[in-house]
1. Could you pull out every residue, at least 5 positions away or on a different chain, whose amide H is within less than 5 Å of the one on B:Glu448? Hs are placed 1.01 Å off N in the peptide plane, and Pro or chain starts have none.
2. Considering only the other residues whose Cβ falls under 10 Å of the Cβ of A:Ala125, what net charge follows from Lys and Arg at +1 and Asp and Glu at -1?
3. How far, in nm to one decimal, is B:Asp290 from itself in the other copies if the label point is set 7 angstrom along Cα toward Cβ? Shortest first, please.
4. Taking amide H positions as placed 1.01 Å from N in the peptide plane, with prolines and chain starts having none, which residues 5 or more places from A:His174, or on another chain, fall under 5 Å of its amide H?
5. Take every Cα pair under 8 Å in chain A that's 6+ residues apart, average their separations, divide by the length, and report that relative contact order as a whole percent.
6. Return the whole-Å distance between the Cα centroid of the stretch A:623-682 and the Cα centroid of the stretch B:598-618.
7. Can you give the percent of C-alpha pairs in the stretch B:520-680 whose distance is more than 20 Å?
8. Using a label point 7 angstrom from Cα along Cα-to-C-beta, what distances in nm, from shortest up, separate A:Thr155 from the other copies?
2 protein chains.
Amino acid sequence: MKRFFQYQLTLLFLLFGLSLSAQETALNLMPVPEQIETGEGQFVITKRFSISLTGDYHERLAHEATRFLRRLDQKTALFFDQHKVSGERTNASLTITVERPGEIRLHEEESYQLRVGTESIEISAQTDIGAIRGLETLLQLTGATNGQSTFPVLTINDSPRFHWRGLMLDVARHFMPMDVLYRNLDAMAAVKLNVLHLHLVDDQGFRFPTKAFPELLELSSDGQYYTREDLDDIIAYAHQRGIRVIPEIDVPGHATAILVAFPELGSKDTTYTLERYSGIFDPTLDPTNDAVYDFLDQLFAEVAEVFPDPYFHIGGDENLGRHWNENKDIQAFMKANNLATNHDLQTYFNIRVQKILNKYGKHTMGWDEIMTPEMPKSAIIHSWRGNWEGLVAKQTLYDAARAGYETVLSNGYYLDLMMPASQHYLVDPAPADMDLTPAERSRILGGEMCMWSELVVPETIDSRLWPRAAAVAERLWSPEEVQDVQDMYRRLAIISLQLEQLGLKHISSRNVILRKLAKSKDIEPLKVLVEVVEPMKGYTRNTNGTLYTTFSPFMLWADAATADATVARVFNEDVERYLSGSLEANQLRTQLDLWSKNHKKVLPIINRSPALLEIESLSENFSRLAVIGLEAIGLIESGGKPSSGWVTQCQQVLEEARESGGRTELQVISGIAMLVDELKGL
Amino acid sequence: MKRFFQYQLTLLFLLFGLSLSAQETALNLMPVPEQIETGEGQFVITKRFSISLTGDYHERLAHEATRFLRRLDQKTALFFDQHKVSGERTNASLTITVERPGEIRLHEEESYQLRVGTESIEISAQTDIGAIRGLETLLQLTGATNGQSTFPVLTINDSPRFHWRGLMLDVARHFMPMDVLYRNLDAMAAVKLNVLHLHLVDDQGFRFPTKAFPELLELSSDGQYYTREDLDDIIAYAHQRGIRVIPEIDVPGHATAILVAFPELGSKDTTYTLERYSGIFDPTLDPTNDAVYDFLDQLFAEVAEVFPDPYFHIGGDENLGRHWNENKDIQAFMKANNLATNHDLQTYFNIRVQKILNKYGKHTMGWDEIMTPEMPKSAIIHSWRGNWEGLVAKQTLYDAARAGYETVLSNGYYLDLMMPASQHYLVDPAPADMDLTPAERSRILGGEMCMWSELVVPETIDSRLWPRAAAVAERLWSPEEVQDVQDMYRRLAIISLQLEQLGLKHISSRNVILRKLAKSKDIEPLKVLVEVVEPMKGYTRNTNGTLYTTFSPFMLWADAATADATVARVFNEDVERYLSGSLEANQLRTQLDLWSKNHKKVLPIINRSPALLEIESLSENFSRLAVIGLEAIGLIESGGKPSSGWVTQCQQVLEEARESGGRTELQVISGIAMLVDELKGL
């Protein structure tokens, strides 16, 4: 009801031209809260800043409040007198009041109210999980006024738009050590994400510490897997931050790692070797073999014991069924059981698997292929397929919601595809204009980002996730109306710096890689270049999935590039402003002048580092583009006419600059092309 | 014998002016090997680079050779065909031949021979540990010739000068999580260190996972301690790299953490609270109480079970005995047992403790205070006291060696004191000119760096250790004659970059901290300033041990500064070169000009970041120094005479610039003073 009022209010703002978004986003918060009422003045943070806890809360609140205190002390360098937050305290600066201990479960209450006054601050929430969300908001509000650290006076009422705000990490294709998980959980909490989904098994590796089947770890992990203690630690660490953890054991496809140890469970009479390449492979469990279900029963019992969440992800995706087609016994079984298609056979499999999970008190979750008429409505359908799979984006999401399933969106949120933040940001799981009943809409639980790790290693995963994941986190938490891309980018740059303080390497890893490639600390020219390129997008970087193996060195040029080349984006916008008369030529010229000379500085670095040979033409093209840009501006400014061959020549350079180099692509081509186009007609 | 020949050879080189050091160090190796014979040509590394293992080796060699392969692939980006090294292989590029499996023990053989030819490479060693040392040498030899990655043709015969090449980490005062230990073990292996000493208990925390005394973890760890699995993992990880791990449980002093849980074991009838400050504190175990020995017996049994190394460090340092003096029962006990002094009482304690350790098959190791006539000669004396403690540096080391003890030097190797690398580098545990018999000399096992963590946190420990630790590693491995400080610094800069590729944050953490302090990515002016300062040295940063507590935010300005301000060192040298006529004025002017304008750029950053207020006068003084420098050069160049008050005014500025700011000190004062001095007499 309150929510409805908020939406109405928002609509009112919009109608009267008062953008709620503008008012809210001036505070640099991400995600933007549901409602903000700004006030006058500041709360001044001093050495005596202290926190008091009241009400009935889970002990995790004391831990998180202490962590908040330490983080605020890091920001302000005030050396707080209070060392730990442990309970009630008189005259505290910040009082947190909670009604009841939160539970780490789907649909748990996460709303909070934050009131900052000049003399005191209050966070009140129904659950400590809500209060923990409020602490993250307060931390983001830390500012400075007249040489003092301050919070602005305001009142925030906030609650999430969606209950499922997730991140899937593929720890199978490249194993991710504990420190990667820890720091990324910290980052998730900072932007109010609440589900970590671990993709534990795939063709390239088995990472769950099964006791029943030690062969899996011995033969299919390369020695890289979590121990029970590791998983207990990760779950506790996540729960501490109000984050659920969902395990995935992907079956019946993506089964190479399992079949390396147990070929007899496969659909083909052969031996298997652990997959080292990327792609969709044929090894598949045999759904007609009872031993498969015995195996899964034992394995799932172990997984269910470790992960307390009632949801259990069984994958179920990308089974092309080739080995089923080739196997006469399986074909005979299908006939005998009236299973007309491979899809029917997989349904048969899923239903049996689902019964095993029921035995252990778990609900099934699976990629959208598991949605068949026989699948019980207690399952969660994980919508991932879209245009690239020949479907309409979000179609399986809406189909699931209409069919009565709860459902989660991942299509549009595959961060490993290296699309810019803006693209993911505008994907909305349940926009108001969708043709869904309120009941159907309520079944859309939210969204989940995916980080598949074919091309991602522990050293680079942070820069593949962040800061873009914060933009998606906002989509899943904030009101639908918050959609200003420019403002998102502005705030994202600020949040990105704050995330670094949690130990994330998304900013620092670039220079680490460049120093490695340059074998030197002098990397300025490489930085100039890497700032205007983005890695090849989608699945194009890894041609046919065969350019790289799991052992390839993934600290290459493309790994120093990120999905959003901010410098290039701003340059392209500047060109537009210049051509529309709102920017001086000189600002562009200074930048282009630097760029035009950059290749000369890059060359000696390449000459002493063979690993950089792959960027020689990229670097040259970049400087050639800059020269064209300078020439074009010269002509525009002087009102001159280009010589007959100039435009043709420019277009050839622009064409050549479209070639990738070092598996990255130049992002300033459109800006330069605009300048050339301006002279075309003359 | 072979070693002796080497020394003779070195002497020969030195006599004939052929510096062995110059010949060896041209290859940028650190530590410098014992003997190098350079050849003609290069081995070209290609995609088909492969490794074969032969002989009788421990399985760790296959793991380390695989790790070498991955690291070399990261350096060359060649995407090697070979994924894992598992045994013999025909036509391999690199053949490793080992005579017997090495054992992780003191005095184990670590020598190796490395032969690089144009077509093949061979490493041969008595043990796989020697071969692993050779792999690190080979990796450091990776270079580039004509656009290809190469190794230079050469033969290296190498063996360590000392058997004990250690690093002590104080994980008690600030807990260091597993990832810190892992990456520092990688770095240790890269520079051939072979002992990790974990200081597990101190007044500020108890970090050993005792099962017998859960109260210790509950009350004295703040929830931060290693699990058994953690320690097993760390030991295995270290052993994999040929590194021993020594535990330390510091008794009878430094006992606050123990007494918080068990006050009845203390020498004073009181309750104890976990220490949050730095210093030498009074809480001490009661040596007259049999319950203390029962407690230690159970605790040491557990520690002995986890750590396989036969040496067990019992601390024994810095017991002032105040609580003993105050306790009448203890005084009576001393009288009754003819123990005249506190030192005698501690000896009584040590002898009883030593017997407990014997029961568990352990030798005693302890700080030099444990050396008393009654201490058995099987103990290792850890020499740490020196000038600051009113003794002659290394005196306890030589005393121990003469008395028949094996001994290890740490005095001079306290990296937490933030002295420059050069200072630690020139400390030699057993220089040839020392008056020791060969037998006495052989008892000097080597040295161990100490990283006490009063002011060090996981985010900053790497930059406090590295790259300086590599210089000490060289002292402990390389021939005594390798002592060229300039060349050490030249190679250290190269090794530092290589160490970063192991995941160390010693380079990247500076900018992370500056971005935090500036709340921005634009940190250039802060970088200019931080590069010419060093943290206050010795124990001066933390006035009386009370400026900071264990909860203080240690990502401050001083934490972005490092012990070697290279830019300042080079500037001061440049001034000398300028004054001696071997450097043009303009080179100094360009730098001074930038510096003179730096404060204007720093000011707006300070204004929006209260945490930087502490560097305002530091920054201003820095720019004022630069102005003086420019004026001085102007006068020198023009042959002008300074005005009457100019020199006085300069001296005042120089004096003021000596004031610390942000707990750091400007390092360019001597260079500027030299310029002013040049004009003084005129």
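Nothing in this text is a laboratory measurement; each read-out follows from the coordinates by a stated rule. The structure presented is a predicted model; accordingly, all values stated were derived computationally and were not measured. Here Cβ is always computed from backbone atoms with ideal geometry, including for glycine, and neighbour counts include all displayed protein chains.
1. So B:Glu448 has HN proximity to B:Gly166, B:Leu409, B:Ser410.
2. Residues near A:Ala125 contribute -3 overall.
3. Copy-to-copy label distances for B:Asp290: 6.6 nm.
4. It is A:Ser453, by chain and number.
5. 11
6. 42
7. 51
8. 8.6
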